[in-house]
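The values are calculated or read from the model by the stated rules, or taken from the named source; none is laboratory data. Here the structure is a predicted model, which means the values were calculated and not measured. Note that each Cβ is placed from the backbone with ideal geometry, even for glycine, and that neighbours are counted across all protein chains shown. SASA here: full protein model, heavy atoms, side chains in, ligands and nucleic acids out. Shrake-Rupley method; radii C 1.70, N 1.55, O 1.52, S 1.80 Å.
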Amino acid sequence: MKHGNKFFFALLTILGFAAYSNSFHNGFQFDDSFYILDNPLIRNLSHLLDLWRYNRPRFLCNLTFALNYRFGRFDVLGYHVVNFLIHMTASLFLWRMAYAVLSSPKIKIGVEREHAGALAFLISAVFLLHPIQTQAVDYIAQRFMSLASALYLASVFFFIKSRLAESEKGIGHIHLFIYALCVGIFAMFAKEISITLPITVVLCEVCFLRGIGKYGFRKSMFFLSMLFVIPFMYGFFAGKGLKDLLGMLRMTTSYSLHDYFLTEIRVLVTYMRLLLLPVNQSICYDYSLITTPFCPAFLFSASAILIFLAMGVKLFSRYRLVSFGIFWFFITILPQSSFVVLQDLVFEHRVYLATAGYAFFGVGTLYYIFGKNKKTVILLAAYFLIIYSVMTFHRNFAWKNSLTLWDDAVRKFPHSYAAYQNRGVGYNMAGYPDRAFQDFNKAIEINPVSALSYLNRGLIYFHRGNMEKALEDDDKAIKLAEHYTIKTTGHINRALVWEKLGRDEKALDDYTSAIATDKNDVRAYNLRARLYYKGNHLDESFADADNAIKIDPLNFEAYVTRGNVFLSWKAYDKAINDYNKAISLNKNYAHAYKDRAIVYFLLGRYNESWNDVKNAQALGGVVPKDFLTELKKASGQTTAI
């Protein structure tokens, strides 16, 4: 590495660490529960095939979560360190990519090539330090975005290097091209945004590489052909047909494709505003759907986008960096803000890769305006990088925990039901149910058809013992639910209410409805297995517990339930095996010790039974007095010897 490159590398590393130094102990947030905390598939690296089947287009990122768990369990520090390192890697590959294109013979203005190193550093630094990147870095589950982007940028870099190396002797350019293809394929299995990679490769060809080397467009056309291969690769590995693949373009939402597309035009302008003026950032934006193309917000936004695209065409010949940045932005944001209907209208992490386009645009504009005055460029660049760093550092505080994150959203968007709904969840998890209840009421007041708000308020009623109100809210949640996970949870919650009321038949009906809605819901199988066992329906209980274990081999509660069935069938060795497995998975599960103590008692292994009684009681478990009396009488002991 050259001396200048070492300096830029060290400076980027120092700046990046300084900007994110206060983020490493921030808590898990939002979807982190789904992908990490409650995801059994990341807890055992021997189950990689199950992890692969779970989500093929995002396997690589899920694998990194599994490695995080293997070495640090749920220690949040390790997850944040990996996220930061991925962000640094993406920034460094962007730096090398920018340096490569700025060194291209197609950059005709000599001063651009003369200052290639400094310009490449500034482009990378903007990407690294811009506060809009905080969501992709601080929000652990959005490693999907940063990892895919890092691989994406690496693939583009290797492609450019391959094209520039064609004039050199040997087959080095072929090796670089193979690297580009391999890394690009890896990117496809980090997140679906990589589908635009072949298009950006063609963009680089047109902007910086046309006419260079003897292979011309052949390499880029080969990359472009991948555009048609990627979706079918997903389908092939997932065992899906064409109809299923087309269905993957739309998630289960209440938005029509027409309304979503119109709204995303406005959202794109919001993203552009956040890049140019990164103020009032939030995890949640209060956006309403645009349902007609004659809406003023749509017309203004569409006009702004067309103006920028026209600028990209107009400036192409003389101001190549600015033009490239504009087209990069729109190409890379396309999969998330166009015809692919996603669950949420706005999310800042979706701009992560597109920010590279803004960096080219911003640095290029600054350079073309002030390039002859080196001192002015340095001062302006330093000013913006300092501002970005301070804003990023400050934004990290909002991600400290769920309460700080959603309290920030409520302050900025006081009419957003989603902000109140999610802050209510945070209050409830932090042990403030009364404050949570107020937030759920506010969310319902703003949006009376919010199924999730009714679902969560129903839980508050349940824990307060107001079963009538809990039933009302669960009924509404089930009727209003459009996503299967909310409907499934609604049936489970209502079943728990029926159990409290002694209506076991109705509870069974709801558990069955939950399983019919989501055949892979482990909790529904567990709870129905327990209820079947309570009613002495042992075959049914065994089948449900066994199904739960097949879906989630690490579910300790299912092993205990199945062990109880074995106990009832007097299959004592099998019961002990299941209790042992449950304890190996969760050494703090008192119920498993208590039930194993009973088996040991029946086998006459009194000392072992006493040991399990002691462990169960130490963990806060309740051991039946009748059993203790029988154990004392049979063993002649009052404790383990």
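Only one of the listed residues (329, 261, 339) is of a type in the set (A, V, I, L, M, F, W, C) and modelled with pLDDT of 95 or more. That residue is 329. From (1) without any contact (Cβ under 8 Å) to a residue 60 or more places away in the chain; (2) not in a helix (DSSP H, G or I), pick out the condition that doesn't hold for residue 511. For residue 511, the exception is condition (2). Number of residues in segment 516-547 that are outside any loop (DSSP other than H, G, I, E, B) and either closer than 15 Å to residue 487 by Cα or open to solvent by 20 Å² or more (accessible area, probe 1.4 Å) (or both): the value is 19.
A Cβ distance below 8 Å, combined with a sequence gap of six or more or placement on separate chains, defines the contacts here; from segment 175-192, residues that are under 19 Å from residue 61 (Cα atoms) and touching a residue at least 24 places away in the same chain (Cβ under 8 Å) reach no residue that is open to solvent by 70 Å² or more (accessible area, probe 1.4 Å) and in a helix (DSSP H, G or I).
Annotation note: of 550, 570, 594, 581, the sole residue that is open to solvent by 60 Å² or more (accessible area, probe 1.4 Å), closer than 25 Å to residue 526 by Cα and either in contact (Cβ under 8 Å) with a residue 40 or more places away in the chain or touching a helix residue (DSSP H, G or I) at 6+ places or on another chain (Cβ under 7 Å) (or both) is 581. Of everything in segment 26-67 that is among the aromatic types (Phe, Trp, Tyr) and assigned to a helix (DSSP H, G or I), the residue that is farthest from residue 398 (Cα to Cα) is 52. Take the residues in segment 602-619 that are hydrophobic (A, V, I, L, M, F, W, C) and either surrounded by 15 or more Cβ atoms within 10 Å (Cβ to Cβ) or farther than 30 Å from residue 550 by Cβ (or both), then tell me which one is farthest from the chain's Cα centre (by Cα). Looking at the filtered set, the residue picked out is 610. Among residues of segment 44-61 that are open to solvent by 70 Å² or more (accessible area, probe 1.4 Å), those with a Cβ under 6 angstrom from a residue that is not small (Gly, Ala, Ser), sequence gap 6+ or separate chain, pair up as 54/41.
Yes or no: segment 375-384 includes at least one residue that is in contact (Cβ under 8 Å) with a residue 24 or more places away in the chain, on the phi < 0 side of the Ramachandran plot and touching a Ser or Thr at 6+ places or on another chain (Cβ under 7 Å). Looking through segment 375-384, none of the residues is in contact (Cβ under 8 Å) with a residue 24 or more places away in the chain, on the phi < 0 side of the Ramachandran plot and touching a Ser or Thr at 6+ places or on another chain (Cβ under 7 Å). Picking from residues in segment 477-510 that are open to solvent by 40 Å² or more (accessible area, probe 1.4 Å) and among the β-branched types (Val, Ile, Thr), the one that is farthest from residue 459 (Cα to Cα) is 485. Every condition in (1) in a helix (DSSP H, G or I); (2) farther than 20 Å from residue 90 by Cβ; (3) in contact (Cβ under 8 Å) with a residue 60 or more places away in the chain is met by residue 332 except one, and the failing one is (2). Take the conditions (1) at pLDDT below 85; (2) touching a Ser or Thr at 6+ places or on another chain (Cβ under 9 Å); (3) among the polar types (S, T, N, Q); residue 225 misses just one of them, which is (2).
For segment 381-431, the set of residues classified as within 16 Å of residue 132 (Cβ to Cβ), open to solvent by 50 Å² or more (accessible area, probe 1.4 Å) and not aromatic (Phe, Trp, Tyr) consists of 387, 390, 391, 394, 412, listed by residue number.
Taking the residues in segment 439-456 that are of a type in the set (Gly, Ala, Ser) and more than 11 Å from residue 420 (Cα to Cα) as candidates, determine which candidate is modelled with the lowest pLDDT.
Just the residues of segment 439-456 that are of a type in the set (Gly, Ala, Ser), to begin with: 443, 450-451, 453.
Next cut, more than 11 Å from residue 420 (Cα to Cα) only: 450-451.
Numbers: 450: 91, 451: 94.
That would be 450.
Selection over segment 255-306 of residues that are assigned to a loop (DSSP other than H, G, I, E, B) and either open to solvent by 20 Å² or more (accessible area, probe 1.4 Å) or among the hydrophobic types (A, V, I, L, M, F, W, C) (or both) gives a count of 18.
Give me the residue from segment 448-503 that is among the small types (Gly, Ala, Ser) and not in a helix (DSSP H, G or I) and, out of that set, farthest from the chain's Cα centre (by Cα). Quick ask: steps written out before the conclusion?
Initially, segment 448-503 is screened for residues among the small types (Gly, Ala, Ser), giving 450-451, 453, 458, 465, 470, 477, 481, 490, 495, 502.
Then keep just the ones that are not in a helix (DSSP H, G or I); that gives 450, 465, 481, 502.
Working: 450: 23, 465: 35, 481: 22, 502: 40 Å.
Ranking the candidates gives 502 first.
So which of 560, 622, 599 ends up being closer than 21 Å to residue 523 by Cα and either open to solvent by less than 50 Å² (accessible area, probe 1.4 Å) or assigned to a loop (DSSP other than H, G, I, E, B) (or both)? Steps first, please.
Numbers: 622 fails: closer than 21 Å to residue 523 by Cα; 599 fails: closer than 21 Å to residue 523 by Cα.
None of the others qualify; the one that does is 560.
Screening residue 636 against (1) of a type outside the set (A, V, I, L, M, F, W, C); (2) modelled with pLDDT under 90; (3) under 36 Å from the mean Cα position of the chain (by Cα) leaves a single unmet condition, (3). Can you say whether residue 388 is over 29 Å from residue 488 (Cβ atoms), modelled with pLDDT of 95 or more and in contact with a helix residue (DSSP H, G or I) (Cβ under 9 Å, 6 or more places away or on another chain), as far as the supplied structure shows? Against the criterion (over 29 Å from residue 488 (Cβ atoms), modelled with pLDDT of 95 or more and in contact with a helix residue (DSSP H, G or I) (Cβ under 9 Å, 6 or more places away or on another chain)), residue 388 qualifies. Determine whether residue 98 is buried (at least 20 other Cβ atoms within 10 Å of the Cβ), part of a helix (DSSP H, G or I) and more than 19 Å from the chain's Cα centre (by Cα). It is true that residue 98 is buried (at least 20 other Cβ atoms within 10 Å of the Cβ), part of a helix (DSSP H, G or I) and more than 19 Å from the chain's Cα centre (by Cα). Entry remark, segment 625-641: residues being open to solvent by less than 60 Å² (accessible area, probe 1.4 Å) and either in a loop (DSSP other than H, G, I, E, B) or under 19 Å from residue 587 (Cα atoms) (or both) number 2 in total.
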